[in-house]
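Dropping the structure in here first, questions after.
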Amino acid sequence: ARTAVQDDGEDDDDVILQKQENKRTYATSYDCGFIFEQLWKKKVTDEHGNRIQPEPCPEVRIPDTVVYKGGFPANWFFHSKIDGRLLKKKPESLYIPHIFEAFGAENGTCADQVVASYVGTVQAESGPVNNILYFDRRRLKDFLFGENSLKEGFLQRFVAPGAVPFDSSARNTTIHATWSPYNCLVEQRTNNSKLDDKRVGTSAKVNVTSGRVETIPISAHTKLHKQVSRKCRLMAQHVAAASYDHVEVTNMTCYFKVGEKNKLWLLWCSSASVNPKFQDAFGYIPSLKTFTGRHSPEVNCPEHIGAVEKATANSGPTSHRLGCAL
């Protein structure tokens with residue numbers, strides 16, 4: 001009988017341990033690529049509740065993006081050149097050589113050609129860290145055909161910046177937006193080096209770190225600010241309309257980029273907050289399949305994928321690494 005009691009106690013301990021392991025936390029449930037699936041979902045009613053033709057989020061353009069789950073490509077989202085819709089390729093298209101040819105094509109950036117970037121989340125002592133890696137064609141091939149140590153994240157085709165009049169080459173520039181239904185803060189972050197500057201390494205020319213960036217606040221009266229604010233509002237409205245619980249987004253941190261012909265591209269959404277009734281006690285948002293966060297996780301821009309593990313291992317609550325704004 002005594003042995004039976006001990007066995008029952010051990011079973012209870014196993015159950016408790018399993019529940020603790022399955023508990024969703026910010027470290028285990030944050031998804032840096034959640035927004036692509038949400039924008040692709042079809043909404044079937046308009047803002048008045050009337051049934052409409054199912055459609056993905058309108059007016060939001062994204063580059064070709066392959067979302068990775070467990071270290072393998074899971075979904076490929078792209079912007080249709082025919083009708084402008086956000087579409088998803090069939091599963092049979094998720095073929096590594098096919099991805100390499102599509103993402104490795106030249107895009108007119110510079111001699112050594114940055115063709116793609118990968119945003120992957122790793123767990124550090126201080127919490128989730130988003131690592132952004134930039135690839136030329138050779139590094140992209142090594143990444144795709146090798147073992148991916150960044151299990152969760154997304155691969156995205158690099159958006160070449162538009163040409164600047166009377167300038168030999170453009171600088172890599174991203175648009176950072178913090179949106180809420182009542183306010184939208186937008187700033188432009190520009191790399192200090194030109195893309196054709198052969199004295200500077202490839203990663204240094206496309207990364208926008210605190211030591212190599214010119215940050216300019218964008219006035220609310222400009223056309224760019226109005227465009228960014230409108231895109232964010234459309235995304236929040238679409239997520240509410242397409243989600244099964246009509247989740248109310250109260251805050252988003254998004255990255256955009258202005259490409260050729262002044263087209264505005266959404267790169268990704270690094271964080272989102274919702275009305276508390278749409279999340280559980282731990283902050284997990286079931287309908288968005290990510291963890292709520294008013295502030296984005298730390299972003300790190302290593303030179304190559306081999307530096308990711310080293311940077312993560314050396315990180316901690318008191319680490320002071322340069323933040324990268326794409």
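With the range 58-108 as the region, which strands (runs of 3 or more DSSP E) entirely inside it contain at least 1 residues that are of a type outside the set (Lys, Arg) and under 14 Å from the mean Cα position of the chain (by Cα)?
65-69, 72-79
Provide a single number: the residues in the range 190-215 that are within 30 Å of Val249 (Cβ to Cβ), modelled with pLDDT under 75 and either open to solvent by 40 Å² or more (accessible area, probe 1.4 Å) or assigned to a helix (DSSP H, G or I) (or both).
Residues flagged as within 30 Å of Val249 (Cβ to Cβ), modelled with pLDDT under 75 and either open to solvent by 40 Å² or more (accessible area, probe 1.4 Å) or assigned to a helix (DSSP H, G or I) (or both) within the range 190-215 amount to 1.
Are there any pairs, at least 6 apart or on different chains, whose C-beta atoms fall under 8 Å, with the first in the range 219-241 and free of Cβ contacts under 8 Å to residues at least 12 places away in the same chain and of a type in the set (A, V, I, L, M) and the second outside any helix (DSSP H, G or I) and open to solvent by 40 Å² or more (accessible area, probe 1.4 Å), and if so, which?
Ala240/His246; Ala240/Glu248
Return the residue satisfying two criteria in turn: it lies in the range 256-273 and is open to solvent by 10 Å² or more (accessible area, probe 1.4 Å) and modelled with pLDDT of 90 or more, and of such residues it is farthest from Thr174 (Cα to Cα).
Among them, the one singled out is Ser273.
In the range 266-289, how many residues are part of a loop (DSSP other than H, G, I, E, B) and of a type outside the set (Ser, Thr, Tyr)?
Residues that pass the stated criteria total 9.
The values are calculated or read from the model by the stated rules, or taken from the named source; none is laboratory data. This is a predicted model, so every value here is computed, not measured. Glycine gets a Cβ as well: all are built from the backbone with ideal geometry, and neighbour counts include every protein chain shown. Note: areas computed on protein heavy atoms with side chains; ligands, DNA, RNA excluded. Shrake-Rupley method; radii C 1.70, N 1.55, O 1.52, S 1.80 Å.
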